[in-house]
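Engineer: One structure is given below, represented as structure tokens, and several questions about it will come after.
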Amino acid sequence: MDKKLESKAMECFMKNSVPYIVEEITSGDTVTTYIGYANGNPVTSEAKFAIMRIVEVTVSTTITTTIMFPNGSINFKYIWDDRASDLTYNPYSNQ
């Protein structure tokens, strides 16, 4: 996908979505944050979430941040309970 279109799609998603649930996990020099976006009030076992995973790794004084989504998708079709174990994360792609 064209980087300009990707940026616009992400901007639209972030502007029009409100986090429903957030979890942060720290392990050594790595902080992993999962942010679940949902429409309405679904239970965490329903396939109604868009999930963002942010990984921040600190080496010395440098922090590297990676933002990914399940299968690169920002669609509301994932189960929050599967966020850390059953999903494969990739950079955003228009799927």
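The values are calculated or read from the model by the stated rules, or taken from the named source; none is laboratory data. Not measured: the values here are computed from a predicted model. Cβ sites come from the backbone with ideal geometry, for glycine too, and all protein chains shown count toward neighbours.
Engineer: Is it the case that some residue within segment 49-59 is small (Gly, Ala, Ser) and within 12 Å of Ile21 (Cα to Cα)? Can you show your working first?
Structural biologist: Step one: of segment 49-59, the residues small (Gly, Ala, Ser) are 50.
Still in the list and also within 12 Å of Ile21 (Cα to Cα): 50.
Scanning segment 49-59, I find at least one residue that is small (Gly, Ala, Ser) and within 12 Å of Ile21 (Cα to Cα), so the answer is yes.
Engineer: On to the next question. What is the one condition in (1) at pLDDT below 85; (2) loosely packed, with under 10 Cβ neighbours inside 10 Å that Thr61 does not satisfy?
Structural biologist: Failing condition for Thr61: (1).
Engineer: Quick one: would you say Gly28 is exposed (fewer than 11 other Cβ atoms within 10 Å of the Cβ) and not hydroxyl-bearing (Ser, Thr, Tyr)? Before the answer, list the steps.
Structural biologist: Numbers: exposed (fewer than 11 other Cβ atoms within 10 Å of the Cβ): yes; not hydroxyl-bearing (Ser, Thr, Tyr): yes.
For Gly28, the condition - exposed (fewer than 11 other Cβ atoms within 10 Å of the Cβ) and not hydroxyl-bearing (Ser, Thr, Tyr) - is met.
Engineer: Check segment 40-47 and report whether any residue there is not in a loop (DSSP other than H, G, I, E, B) and not β-branched (Val, Ile, Thr). It would help to see each step written out before you state the result.
Structural biologist: Initially, segment 40-47 is screened for residues not in a loop (DSSP other than H, G, I, E, B), giving 47.
From what's left, not β-branched (Val, Ile, Thr): 47.
Yes: one or more hits.
Engineer: Another question about this same structure. Which of the residues that make up segment 61-80 are among the β-branched types (Val, Ile, Thr), more than 16 Å from Asn39 (Cβ to Cβ) and in a strand (DSSP E or B)? Before you say what the answer is, go through the steps one by one.
Structural biologist: Pass one, segment 61-80, residues among the β-branched types (Val, Ile, Thr): 61-67, 74, 79.
Okay, now just the ones that are also more than 16 Å from Asn39 (Cβ to Cβ), so 61-67.
Matches in segment 61-80: Thr62, Ile63, Thr64, Thr65, Thr66, Ile67.
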